[in-house]
Amino acid sequence: MPYSYPLALLGWALLWSSLCLLLTASKLWVAPRPLGRAALVCALHMLVLVLPWSQLLGLPATPTSLGHPPLAWAAKVVALLVSGLVLYGVRWVVPAAAGLRRPGPGTLRPVGLVVGAVAVAVFASAYAARRSFLPLWWPERLYYSVVPGLEEELFYRGALLGLLGPVFARSIPLPGTRTSWGGLATVLLFALGHSLKLSFIYDAVNNLLLSQAHLAGHVTWWQSLLYFVLTDTAYPLLMGLLLLWVRERTGSVWVAVAAHCLLNTALTLGRTLP
């Protein structure tokens, strides 16, 4: 395999660890161990999401399946294992600190009203623009409705917030609760994770899986390395803030998982209904 491919993967991992350290730099000398662990976890999480799982697992690859299950399922399942490793493997975060607990009393009603209203708005917007999207198979509908919400919440509002949250004071007010700069850092990383793309990885993997050609013949890792559209960040940033509020208001990451899945289901249904 050409050296450009592993170098691109290494650069991608270093980018995310650097972003995590940059966002939390004000406390780096005070709490180097948890912040260093958070940076390492960010790098590992983003790395497993771009690895060529179809080739690694021997799955058949077609132009349709490259962006859909089983590839997406495999990446998300492995990413979910990263959160499990942090919580139950190396035990860098205790489950309670990651929000693996029941919601606080009296918190579900206000959260449910807000999330329900947002879900209706998301559905209406998606339904109005449904003609602009390709139809989805039922496994894809199931995937988009359930898997991203489960994996992303357990990582960003679970394991990562469990690492970053205790380092910073919960001094930032939110409606009915408070959060910390660590919480806002997870939102920024969440938003960037949905909008910042390593174009070489996707182009190279597609070429490899479809034609088995040498990667070096298609693109070099230092050309067009990153793809970023500012407007693509707005929606995940707002959703990240909402889901952080859900997590902080209820104290439970499971409620954030349910909220994320509901919003994704509303988006999927809006885009697929006739």
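The values are calculated or read from the model by the stated rules, or taken from the named source; none is laboratory data. What you see is a predicted model; the values in this text were computed from it and never measured. Glycine gets a Cβ as well: all are built from the backbone with ideal geometry, and neighbour counts include every protein chain shown.
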(Q) So in the range 208-258, with the set limited to residues that are of a type outside the set (A, V, I, L, M, F, W, C), over 18 Å from residue 186 (Cα atoms) and at pLDDT 50 or above, which one is surrounded by the most Cβ atoms within 10 Å (Cβ to Cβ)? (A) 227
Q: Please find, within the range 171-207, the residue that is modelled with the lowest pLDDT out of those that are under 19 Å from residue 22 (Cα atoms) and of a type in the set (A, V, I, L, M).
A: 196
Q. Does the range 143-160 include one or more residues that are in contact (Cβ under 8 Å) with a residue 40 or more places away in the chain, surrounded by 20 or more Cβ atoms within 10 Å (Cβ to Cβ) and more than 22 Å from residue 194 (Cα to Cα)?
A. no
Q. Quick one: what pairs do we get from the range 246-265, first residue closer than 20 Å to residue 123 by Cβ and touching a residue at least 60 places away in the same chain (Cβ under 8 Å), second in a helix (DSSP H, G or I) and polar (S, T, N, Q), C-beta under 7 Å, 6+ apart or different chains?
A. 261/145; 264/145; 265/145
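Which residue, of 131, 101, 109, is at pLDDT 95 or above, part of a helix (DSSP H, G or I) and surrounded by fewer than 18 Cβ atoms within 10 Å (Cβ to Cβ)? I'd like the intermediate steps shown before the answer.
Numbers: 131 fails: at pLDDT 95 or above; 101 fails: part of a helix (DSSP H, G or I).
Going through 131, 101, 109 in turn, just one is at pLDDT 95 or above, part of a helix (DSSP H, G or I) and surrounded by fewer than 18 Cβ atoms within 10 Å (Cβ to Cβ): 109.
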Q) What pairs can you find where one residue is in the range 107-129 and more than 13 Å from residue 269 (Cβ to Cβ), the other is crowded, with 17+ Cβ neighbours inside 10 Å, and their Cβ atoms are less than 6 Å apart, with a gap of 6+ or different chains? A) 107/249; 107/250; 111/246; 111/249; 111/250; 115/259
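Could we say that residue 119 is under 22 Å from the mean Cα position of the chain (by Cα), in a loop (DSSP other than H, G, I, E, B), surrounded by 13 or more Cβ atoms within 10 Å (Cβ to Cβ) and of a type outside the set (S, T, N, Q) here?
Values: under 22 Å from the mean Cα position of the chain (by Cα): yes; in a loop (DSSP other than H, G, I, E, B): no; surrounded by 13 or more Cβ atoms within 10 Å (Cβ to Cβ): yes; of a type outside the set (S, T, N, Q): yes.
No: the conditions fail for residue 119.
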